[in-house]
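Worksheet: one structure, shown below.
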Amino acid sequence: MLNFDFYNPTHILFGKGRIADLSRVVPADARVLVLYGGGSIKSNGVLDEVRQALSGHAVQEFSGIEPNPSYETLMRAVELVRNEKLDFLLAVGGGSVIDGTKFVAAAADFEGDPWSILEKRGANVVRALPFGSILTLPATGSEMNNGSVVTRKSLKAKMAFSSVHVFPKFSILDPAKTFTLPVRQIGNGVVDAYAHVMEQYMTYPVNSPVQDRFAEGILQTLIEEGPKALADPDDYDVRANVMWCATLALNGLIGAGVPQDWATHMVGHELTALYGLDHAQTLAIVLPSMLQVRKESKRAKLLQYAERVWGLKDGDEESRIDGAIEKTRNFFEQMGVKTRLTDYALGAENIDAVLSQLKSHRMVTLGERRDVTLAVSRQVLELSI
Ligand code: NZQ
Ligand code: ZN
(Lines give C-alpha, C1' and ligand atoms only; values in the text may rest on other atoms or scores of the structure.)
(Ligands and ions follow the chains in the order given, each with its own letter.)
Protein backbone atom coordinates (compact mmCIF):
# COMPACT_ATOMS: atom_id res chain seq x y z
CA MET A 1 0.00 0.00 0.00
CA LEU A 2 1.21 3.54 -0.73
CA ASN A 3 1.53 6.21 1.97
CA PHE A 4 -1.51 8.45 2.30
CA ASP A 5 -3.28 11.20 4.22
CA PHE A 6 -6.99 10.71 4.71
CA TYR A 7 -9.00 13.70 5.87
CA ASN A 8 -12.70 14.23 5.31
CA PRO A 9 -14.52 16.66 7.58
CA THR A 10 -17.90 16.76 5.76
CA HIS A 11 -20.92 16.04 7.97
CA ILE A 12 -23.43 13.91 6.03
CA LEU A 13 -27.15 14.14 6.88
CA PHE A 14 -28.73 11.27 4.96
CA GLY A 15 -32.37 10.29 4.51
CA LYS A 16 -35.94 11.44 4.09
CA GLY A 17 -36.95 14.85 5.37
CA ARG A 18 -33.45 15.96 6.28
CA ILE A 19 -33.76 19.45 4.73
CA ALA A 20 -35.67 20.36 7.88
CA ASP A 21 -32.35 20.00 9.76
CA LEU A 22 -30.85 22.96 7.89
CA SER A 23 -31.49 25.45 10.66
CA ARG A 24 -29.39 23.27 12.97
CA VAL A 25 -26.33 23.11 10.70
CA VAL A 26 -26.33 26.62 9.23
CA PRO A 27 -24.99 29.05 11.87
CA ALA A 28 -27.83 31.16 13.31
CA ASP A 29 -26.14 34.50 12.63
CA ALA A 30 -24.96 33.65 9.11
CA ARG A 31 -25.70 35.85 6.11
CA VAL A 32 -26.55 33.08 3.69
CA LEU A 33 -26.44 32.86 -0.10
CA VAL A 34 -28.42 29.95 -1.57
CA LEU A 35 -26.99 29.02 -4.98
CA TYR A 36 -28.82 26.87 -7.49
CA GLY A 37 -29.13 25.94 -11.14
CA GLY A 38 -31.69 26.36 -13.86
CA GLY A 39 -34.81 25.84 -11.82
CA SER A 40 -35.35 22.12 -11.14
CA ILE A 41 -35.44 22.91 -7.42
CA LYS A 42 -38.24 25.39 -8.02
CA SER A 43 -40.48 22.94 -9.82
CA ASN A 44 -39.90 20.01 -7.44
CA GLY A 45 -40.48 21.94 -4.24
CA VAL A 46 -36.93 21.69 -2.87
CA LEU A 47 -36.44 25.47 -2.90
CA ASP A 48 -39.63 25.99 -0.92
CA GLU A 49 -38.42 23.51 1.68
CA VAL A 50 -35.09 25.30 1.91
CA ARG A 51 -36.78 28.69 2.31
CA GLN A 52 -39.02 27.25 5.01
CA ALA A 53 -36.12 25.64 6.89
CA LEU A 54 -34.10 28.88 6.76
CA SER A 55 -36.99 31.22 7.53
CA GLY A 56 -35.18 32.45 10.65
CA HIS A 57 -31.99 33.29 8.73
CA ALA A 58 -30.88 36.20 6.56
CA VAL A 59 -30.99 34.63 3.09
CA GLN A 60 -30.34 35.76 -0.47
CA GLU A 61 -30.48 33.65 -3.63
CA PHE A 62 -28.39 33.27 -6.78
CA SER A 63 -29.78 31.17 -9.63
CA GLY A 64 -28.61 30.19 -13.10
CA ILE A 65 -25.53 28.05 -12.41
CA GLU A 66 -25.44 25.95 -15.54
CA PRO A 67 -24.38 22.31 -16.04
CA ASN A 68 -20.56 22.46 -16.35
CA PRO A 69 -20.62 25.69 -14.36
CA SER A 70 -19.06 28.68 -16.06
CA TYR A 71 -16.47 31.00 -14.60
CA GLU A 72 -18.40 33.89 -16.14
CA THR A 73 -21.60 33.08 -14.21
CA LEU A 74 -19.78 32.24 -10.99
CA MET A 75 -17.93 35.56 -10.99
CA ARG A 76 -21.32 37.28 -10.83
CA ALA A 77 -22.05 35.32 -7.66
CA VAL A 78 -18.63 36.29 -6.27
CA GLU A 79 -19.51 39.94 -6.85
CA LEU A 80 -22.83 39.52 -5.03
CA VAL A 81 -21.13 37.83 -2.07
CA ARG A 82 -18.58 40.63 -1.83
CA ASN A 83 -21.10 43.46 -2.22
CA GLU A 84 -23.60 42.05 0.25
CA LYS A 85 -20.95 40.78 2.70
CA LEU A 86 -22.47 37.30 2.72
CA ASP A 87 -20.61 34.79 4.83
CA PHE A 88 -22.18 31.36 4.34
CA LEU A 89 -23.00 29.60 1.06
CA LEU A 90 -25.56 26.86 0.49
CA ALA A 91 -25.42 24.91 -2.78
CA VAL A 92 -28.69 23.24 -3.78
CA GLY A 93 -28.44 20.98 -6.82
CA GLY A 94 -26.13 18.59 -8.63
CA GLY A 95 -22.37 18.52 -9.00
CA SER A 96 -22.33 21.67 -11.10
CA VAL A 97 -23.97 23.79 -8.43
CA ILE A 98 -21.78 22.33 -5.69
CA ASP A 99 -18.59 22.73 -7.74
CA GLY A 100 -19.61 26.27 -8.64
CA THR A 101 -20.23 27.07 -4.98
CA LYS A 102 -16.77 25.75 -4.08
CA PHE A 103 -15.28 28.16 -6.56
CA VAL A 104 -17.34 31.08 -5.23
CA ALA A 105 -16.29 30.16 -1.69
CA ALA A 106 -12.62 30.18 -2.68
CA ALA A 107 -12.81 33.26 -4.90
CA ALA A 108 -14.83 35.53 -2.61
CA ASP A 109 -11.88 36.38 -0.35
CA PHE A 110 -9.15 35.66 -2.87
CA GLU A 111 -6.46 38.28 -3.36
CA GLY A 112 -5.54 38.52 -7.04
CA ASP A 113 -7.14 37.20 -10.20
CA PRO A 114 -9.56 34.37 -9.31
CA TRP A 115 -8.83 32.61 -12.61
CA SER A 116 -5.41 31.78 -11.16
CA ILE A 117 -7.19 29.47 -8.69
CA LEU A 118 -7.94 27.22 -11.67
CA GLU A 119 -4.63 27.79 -13.40
CA LYS A 120 -2.80 26.75 -10.24
CA ARG A 121 -5.32 23.95 -9.55
CA GLY A 122 -6.11 25.36 -6.11
CA ALA A 123 -2.56 25.42 -4.71
CA ASN A 124 -2.91 29.19 -4.06
CA VAL A 125 -6.18 28.96 -2.09
CA VAL A 126 -5.46 29.93 1.53
CA ARG A 127 -9.03 30.34 2.82
CA ALA A 128 -12.63 29.99 1.68
CA LEU A 129 -16.07 30.89 2.90
CA PRO A 130 -17.83 28.07 4.74
CA PHE A 131 -20.56 26.32 2.77
CA GLY A 132 -22.95 23.38 2.86
CA SER A 133 -24.81 21.50 0.17
CA ILE A 134 -28.13 19.83 -0.55
CA LEU A 135 -27.54 17.20 -3.21
CA THR A 136 -30.26 16.52 -5.79
CA LEU A 137 -28.29 14.43 -8.31
CA PRO A 138 -26.08 11.54 -7.21
CA ALA A 139 -23.06 11.43 -9.52
CA THR A 140 -19.96 13.46 -8.85
CA GLY A 141 -19.22 12.96 -5.15
CA SER A 142 -18.68 16.72 -4.92
CA GLU A 143 -20.91 16.72 -1.83
CA MET A 144 -18.16 14.98 0.16
CA ASN A 145 -14.92 15.96 -1.49
CA ASN A 146 -12.74 19.01 -2.03
CA GLY A 147 -12.62 19.07 -5.82
CA SER A 148 -14.36 21.37 -8.28
CA VAL A 149 -14.45 21.70 -12.05
CA VAL A 150 -15.16 25.06 -13.71
CA THR A 151 -15.38 26.02 -17.38
CA ARG A 152 -14.23 29.35 -18.76
CA LYS A 153 -16.45 29.50 -21.80
CA SER A 154 -14.54 32.25 -23.54
CA LEU A 155 -11.39 30.06 -23.54
CA LYS A 156 -13.16 26.69 -23.96
CA ALA A 157 -11.17 25.63 -20.90
CA LYS A 158 -12.64 23.15 -18.41
CA MET A 159 -10.29 23.10 -15.43
CA ALA A 160 -10.28 21.41 -12.04
CA PHE A 161 -9.03 22.67 -8.70
CA SER A 162 -8.92 21.23 -5.23
CA SER A 163 -8.15 22.63 -1.82
CA VAL A 164 -8.48 21.49 1.76
CA HIS A 165 -10.50 24.70 2.30
CA VAL A 166 -13.40 23.66 0.06
CA PHE A 167 -14.80 20.57 1.74
CA PRO A 168 -18.50 21.19 2.39
CA LYS A 169 -19.20 21.70 6.11
CA PHE A 170 -22.24 19.49 5.65
CA SER A 171 -24.20 17.83 2.88
CA ILE A 172 -27.84 16.83 3.02
CA LEU A 173 -28.61 13.72 0.97
CA ASP A 174 -32.33 12.98 0.69
CA PRO A 175 -32.82 10.23 -1.89
CA ALA A 176 -36.47 11.27 -2.34
CA LYS A 177 -35.23 14.52 -3.88
CA THR A 178 -33.81 12.52 -6.79
CA PHE A 179 -37.22 11.17 -7.91
CA THR A 180 -37.65 14.06 -10.33
CA LEU A 181 -34.40 13.42 -12.20
CA PRO A 182 -34.81 12.95 -15.95
CA VAL A 183 -33.82 9.49 -17.22
CA ARG A 184 -30.71 10.96 -18.86
CA GLN A 185 -29.41 12.26 -15.52
CA ILE A 186 -30.09 8.97 -13.72
CA GLY A 187 -27.93 7.23 -16.30
CA ASN A 188 -25.29 9.95 -16.22
CA GLY A 189 -25.01 9.74 -12.45
CA VAL A 190 -24.49 5.98 -12.36
CA VAL A 191 -21.91 6.09 -15.16
CA ASP A 192 -19.99 8.94 -13.51
CA ALA A 193 -19.86 7.15 -10.15
CA TYR A 194 -18.78 3.93 -11.89
CA ALA A 195 -16.01 5.78 -13.72
CA HIS A 196 -14.82 7.37 -10.45
CA VAL A 197 -14.34 3.94 -8.93
CA MET A 198 -12.54 2.72 -12.04
CA GLU A 199 -10.13 5.69 -12.02
CA GLN A 200 -9.00 4.67 -8.54
CA TYR A 201 -9.21 0.89 -8.81
CA MET A 202 -8.24 -0.03 -12.36
CA THR A 203 -4.51 0.66 -12.17
CA TYR A 204 -1.92 -1.85 -10.87
CA PRO A 205 -1.82 -3.93 -7.67
CA VAL A 206 -0.18 -2.46 -4.56
CA ASN A 207 -1.51 -5.03 -2.09
CA SER A 208 -4.51 -3.00 -0.97
CA PRO A 209 -7.18 -5.66 -0.54
CA VAL A 210 -9.62 -3.60 1.49
CA GLN A 211 -9.60 -0.67 -0.96
CA ASP A 212 -10.06 -3.17 -3.80
CA ARG A 213 -13.02 -4.85 -2.15
CA PHE A 214 -14.68 -1.54 -1.26
CA ALA A 215 -14.26 -0.51 -4.91
CA GLU A 216 -15.60 -3.82 -6.24
CA GLY A 217 -18.54 -3.57 -3.82
CA ILE A 218 -19.47 -0.13 -5.15
CA LEU A 219 -19.17 -1.32 -8.76
CA GLN A 220 -21.34 -4.38 -8.11
CA THR A 221 -23.94 -2.31 -6.29
CA LEU A 222 -24.11 0.18 -9.17
CA ILE A 223 -24.48 -2.71 -11.63
CA GLU A 224 -27.36 -4.11 -9.56
CA GLU A 225 -29.13 -0.91 -8.56
CA GLY A 226 -28.53 1.36 -11.57
CA PRO A 227 -30.90 -0.47 -13.95
CA LYS A 228 -33.51 -0.67 -11.17
CA ALA A 229 -33.43 3.13 -10.85
CA LEU A 230 -34.36 3.31 -14.55
CA ALA A 231 -37.00 0.59 -14.38
CA ASP A 232 -38.63 1.68 -11.13
CA PRO A 233 -37.85 5.36 -10.62
CA ASP A 234 -40.04 5.71 -7.54
CA ASP A 235 -38.25 3.08 -5.47
CA TYR A 236 -36.77 4.95 -2.51
CA ASP A 237 -34.36 2.18 -1.46
CA VAL A 238 -32.88 1.95 -4.93
CA ARG A 239 -32.36 5.72 -5.03
CA ALA A 240 -30.81 5.62 -1.56
CA ASN A 241 -28.34 2.92 -2.57
CA VAL A 242 -27.35 4.71 -5.77
CA MET A 243 -26.92 7.97 -3.88
CA TRP A 244 -24.65 6.53 -1.21
CA CYS A 245 -22.61 4.64 -3.83
CA ALA A 246 -21.96 7.87 -5.72
CA THR A 247 -20.78 9.64 -2.56
CA LEU A 248 -18.52 6.77 -1.48
CA ALA A 249 -17.07 6.53 -4.98
CA LEU A 250 -15.28 9.86 -4.64
CA ASN A 251 -14.92 10.87 -1.00
CA GLY A 252 -11.30 9.78 -0.71
CA LEU A 253 -11.91 6.42 0.95
CA ILE A 254 -11.28 3.99 -1.91
CA GLY A 255 -8.49 6.14 -3.34
CA ALA A 256 -6.41 6.23 -0.15
CA GLY A 257 -3.10 4.41 -0.53
CA VAL A 258 -3.60 3.29 -4.14
CA PRO A 259 -2.37 4.61 -7.51
CA GLN A 260 -4.94 6.66 -9.42
CA ASP A 261 -5.47 7.08 -13.14
CA TRP A 262 -7.88 9.92 -14.15
CA ALA A 263 -6.84 9.91 -17.83
CA THR A 264 -10.42 9.14 -18.92
CA HIS A 265 -11.67 12.19 -17.03
CA MET A 266 -9.03 14.50 -18.47
CA VAL A 267 -9.77 13.47 -22.06
CA GLY A 268 -13.50 13.63 -21.29
CA HIS A 269 -13.27 17.19 -19.97
CA GLU A 270 -11.88 18.31 -23.33
CA LEU A 271 -14.82 16.72 -25.15
CA THR A 272 -17.21 18.65 -22.92
CA ALA A 273 -15.29 21.92 -23.32
CA LEU A 274 -15.25 21.62 -27.11
CA TYR A 275 -18.57 19.99 -27.92
CA GLY A 276 -20.78 20.42 -24.85
CA LEU A 277 -21.32 16.73 -24.15
CA ASP A 278 -22.54 15.81 -20.66
CA HIS A 279 -19.68 14.83 -18.36
CA ALA A 280 -20.83 11.20 -18.08
CA GLN A 281 -21.35 10.89 -21.83
CA THR A 282 -17.67 11.66 -22.33
CA LEU A 283 -16.67 9.01 -19.79
CA ALA A 284 -18.88 6.38 -21.43
CA ILE A 285 -17.14 7.11 -24.75
CA VAL A 286 -13.57 7.18 -23.45
CA LEU A 287 -13.37 4.60 -20.66
CA PRO A 288 -13.91 1.35 -22.61
CA SER A 289 -11.33 2.34 -25.23
CA MET A 290 -8.92 3.57 -22.55
CA LEU A 291 -9.00 0.11 -20.95
CA GLN A 292 -8.56 -1.58 -24.32
CA VAL A 293 -5.56 0.51 -25.38
CA ARG A 294 -3.84 0.21 -21.99
CA LYS A 295 -4.66 -3.39 -21.24
CA GLU A 296 -1.03 -4.52 -20.95
CA SER A 297 -0.20 -2.08 -18.16
CA LYS A 298 -3.53 -2.78 -16.42
CA ARG A 299 -3.50 -6.54 -17.04
CA ALA A 300 -3.43 -7.77 -13.42
CA LYS A 301 -6.28 -5.50 -12.29
CA LEU A 302 -8.32 -6.16 -15.43
CA LEU A 303 -8.18 -9.89 -14.69
CA GLN A 304 -9.19 -9.28 -11.08
CA TYR A 305 -12.05 -7.01 -12.25
CA ALA A 306 -13.21 -9.57 -14.79
CA GLU A 307 -13.40 -12.28 -12.17
CA ARG A 308 -14.66 -10.43 -9.12
CA VAL A 309 -17.01 -7.88 -10.66
CA TRP A 310 -18.24 -9.72 -13.75
CA GLY A 311 -17.72 -13.36 -12.68
CA LEU A 312 -15.52 -14.15 -15.71
CA LYS A 313 -13.35 -17.09 -14.64
CA ASP A 314 -13.19 -19.33 -17.69
CA GLY A 315 -11.29 -18.99 -20.92
CA ASP A 316 -7.86 -17.50 -21.55
CA GLU A 317 -6.71 -14.19 -20.10
CA GLU A 318 -7.27 -12.26 -23.31
CA SER A 319 -10.89 -13.31 -23.63
CA ARG A 320 -11.63 -12.57 -19.95
CA ILE A 321 -10.17 -9.07 -20.28
CA ASP A 322 -11.98 -8.36 -23.53
CA GLY A 323 -15.17 -9.76 -21.99
CA ALA A 324 -14.92 -7.44 -18.97
CA ILE A 325 -14.36 -4.38 -21.16
CA GLU A 326 -17.31 -5.39 -23.34
CA LYS A 327 -19.53 -5.83 -20.28
CA THR A 328 -18.48 -2.39 -19.02
CA ARG A 329 -19.50 -0.84 -22.33
CA ASN A 330 -22.79 -2.75 -22.33
CA PHE A 331 -23.55 -1.57 -18.81
CA PHE A 332 -23.13 2.08 -19.83
CA GLU A 333 -25.41 1.48 -22.82
CA GLN A 334 -27.93 -0.25 -20.53
CA MET A 335 -27.94 2.90 -18.40
CA GLY A 336 -28.89 4.81 -21.54
CA VAL A 337 -25.50 6.47 -22.03
CA LYS A 338 -24.09 5.92 -25.53
CA THR A 339 -20.46 4.89 -25.83
CA ARG A 340 -19.31 5.94 -29.31
CA LEU A 341 -18.24 9.35 -30.64
CA THR A 342 -20.51 8.80 -33.63
CA ASP A 343 -23.52 8.52 -31.29
CA TYR A 344 -22.95 12.23 -30.61
CA ALA A 345 -22.32 13.23 -34.23
CA LEU A 346 -18.55 13.34 -33.67
CA GLY A 347 -15.80 11.36 -35.41
CA ALA A 348 -12.25 11.22 -36.73
CA GLU A 349 -12.44 14.84 -37.84
CA ASN A 350 -12.70 15.99 -34.20
CA ILE A 351 -9.71 14.16 -32.77
CA ASP A 352 -7.00 16.70 -33.61
CA ALA A 353 -8.94 19.42 -31.82
CA VAL A 354 -9.20 17.30 -28.64
CA LEU A 355 -5.48 16.57 -28.75
CA SER A 356 -4.56 20.19 -29.18
CA GLN A 357 -6.72 21.08 -26.16
CA LEU A 358 -4.98 18.37 -24.12
CA LYS A 359 -1.64 19.79 -25.18
CA SER A 360 -2.55 23.35 -24.29
CA HIS A 361 -3.71 22.18 -20.84
CA ARG A 362 -0.46 20.26 -20.31
CA MET A 363 -2.32 16.93 -20.24
CA VAL A 364 0.47 15.14 -22.08
CA THR A 365 1.54 12.46 -19.59
CA LEU A 366 -1.62 11.18 -17.96
CA GLY A 367 -2.47 8.04 -16.01
CA GLU A 368 -1.10 6.13 -13.03
CA ARG A 369 2.21 5.55 -14.82
CA ARG A 370 2.26 8.93 -16.58
CA ASP A 371 2.49 7.05 -19.86
CA VAL A 372 -0.69 8.28 -21.52
CA THR A 373 1.00 10.56 -24.03
CA LEU A 374 -0.84 12.45 -26.73
CA ALA A 375 -0.15 9.48 -29.04
CA VAL A 376 -1.93 7.16 -26.60
CA SER A 377 -4.84 9.58 -26.24
CA ARG A 378 -5.09 9.63 -30.02
CA GLN A 379 -5.27 5.83 -30.13
CA VAL A 380 -7.99 5.88 -27.46
CA LEU A 381 -10.05 8.44 -29.36
CA GLU A 382 -9.62 6.57 -32.64
CA LEU A 383 -10.90 3.42 -30.98
CA SER A 384 -13.88 5.40 -29.59
CA ILE A 385 -15.28 6.38 -32.99
O1 NZQ B 1 -29.92 23.24 -13.24
P2 NZQ B 1 -31.12 22.49 -12.77
O3 NZQ B 1 -32.41 23.07 -13.22
O4 NZQ B 1 -31.08 22.21 -11.30
O5 NZQ B 1 -31.09 21.05 -13.54
C6 NZQ B 1 -30.05 20.12 -13.40
C7 NZQ B 1 -29.13 20.08 -14.63
O8 NZQ B 1 -29.81 20.49 -15.77
C9 NZQ B 1 -30.65 18.75 -13.39
N10 NZQ B 1 -31.06 18.28 -12.06
C11 NZQ B 1 -30.30 18.18 -10.93
N12 NZQ B 1 -31.02 17.65 -9.93
C13 NZQ B 1 -32.28 17.43 -10.41
C14 NZQ B 1 -32.30 17.84 -11.76
N15 NZQ B 1 -33.42 17.76 -12.53
C16 NZQ B 1 -34.53 17.26 -11.93
N17 NZQ B 1 -34.56 16.81 -10.64
C18 NZQ B 1 -33.46 16.89 -9.86
N19 NZQ B 1 -33.48 16.40 -8.60
O20 NZQ B 1 -29.61 17.90 -13.85
C21 NZQ B 1 -28.83 18.61 -14.81
C22 NZQ B 1 -27.37 18.28 -14.65
O23 NZQ B 1 -26.89 18.75 -13.42
P24 NZQ B 1 -25.32 18.82 -13.11
O25 NZQ B 1 -25.16 19.37 -11.74
O26 NZQ B 1 -24.61 19.49 -14.22
O27 NZQ B 1 -24.89 17.28 -13.16
P28 NZQ B 1 -23.78 16.49 -12.37
O29 NZQ B 1 -24.13 16.29 -10.96
O30 NZQ B 1 -23.53 15.29 -13.21
O31 NZQ B 1 -22.49 17.44 -12.38
C32 NZQ B 1 -21.63 17.51 -13.49
C33 NZQ B 1 -20.48 18.47 -13.21
O34 NZQ B 1 -19.64 17.98 -12.14
C35 NZQ B 1 -18.27 17.89 -12.57
C36 NZQ B 1 -18.44 17.64 -14.04
O37 NZQ B 1 -17.26 17.88 -14.76
C38 NZQ B 1 -19.56 18.58 -14.42
O39 NZQ B 1 -19.08 19.89 -14.58
N40 NZQ B 1 -17.55 16.89 -11.80
C41 NZQ B 1 -17.21 17.19 -10.52
C42 NZQ B 1 -16.44 16.35 -9.73
C43 NZQ B 1 -16.08 16.68 -8.35
N44 NZQ B 1 -16.38 17.87 -7.86
O45 NZQ B 1 -15.51 15.87 -7.64
C46 NZQ B 1 -15.92 15.09 -10.24
C47 NZQ B 1 -16.58 14.65 -11.51
O48 NZQ B 1 -15.70 13.77 -12.17
C49 NZQ B 1 -16.97 15.74 -12.45
O50 NZQ B 1 -15.87 16.16 -13.22
ZN1 ZN C 1 -16.64 12.28 -13.09
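General remarks:
- Among the residues making up the stretch 189-213, a single one is polar (S, T, N, Q), in contact with a helix residue (DSSP H, G or I) (Cβ under 7 Å, 6 or more places away or on another chain) and part of a helix (DSSP H, G or I): Gln200.
- All told, Thr203 meets the bar of being surrounded by fewer than 23 Cβ atoms within 10 Å (Cβ to Cβ) and not small (Gly, Ala, Ser).
- Flag if Gly315 is surrounded by fewer than 24 Cβ atoms within 10 Å (Cβ to Cβ) and without any contact (Cβ under 8 Å) to a residue 24 or more places away in the chain: yes
- Flag for Ile117 being buried (at least 21 other Cβ atoms within 10 Å of the Cβ), at pLDDT 95 or above and within 19 Å of Leu22 (Cβ to Cβ): no
- Filtering the stretch 250-259 for residues that are part of a helix (DSSP H, G or I), within 16 Å of ligand 2 (Cβ to nearest atom) and more than 18 Å from Leu303 (Cα to Cα) leaves an empty set.
- Matching residues, the stretch 139-159, being of a type outside the set (A, V, I, L, M, F, W, C) and more than 8 Å from ligand 1 (Cβ to nearest atom): Glu143, Asn146, Arg152, Lys153, Ser154, Lys156
- All positions within the stretch 87-113 that are within 16 Å of ligand 2 (Cβ to nearest atom) and in contact with a helix residue (DSSP H, G or I) (Cβ under 6 Å, 6 or more places away or on another chain): Gly95, Ile98, Asp99, Gly100, Lys102
- The stretch 145-186, residues that are within 27 Å of Pro233 (Cβ to Cβ), away from ligand 2 (no atom under 14 Å from the Cβ) and part of a helix (DSSP H, G or I): Pro175, Ala176, Lys177, Thr178, Val183, Arg184, Ile186
- Among the candidates Arg213, Arg239, residue that is away from ligand 2 (no atom under 16 Å from the Cβ) and surrounded by 24 or more Cβ atoms within 10 Å (Cβ to Cβ): Arg239
- Residues in the stretch 45-85 that are surrounded by 15 or more Cβ atoms within 10 Å (Cβ to Cβ) and either within 16 Å of ligand 2 (Cβ to nearest atom) or at pLDDT below 95 (or both): Pro67, Asn68, Pro69.
- Within the stretch 65-99, considering residues that are touching a residue at least 40 places away in the same chain (Cβ under 8 Å) and acidic (Asp, Glu), the one farthest from Val50 (Cα to Cα): Glu72
The values are calculated or read from the model by the stated rules, or taken from the named source; none is laboratory data. Please read these numbers as outputs of a predicted model, since none were measured by experiment. Note: ideal-geometry Cβ built from the backbone for every residue, glycine included; neighbour counts use all protein chains shown.
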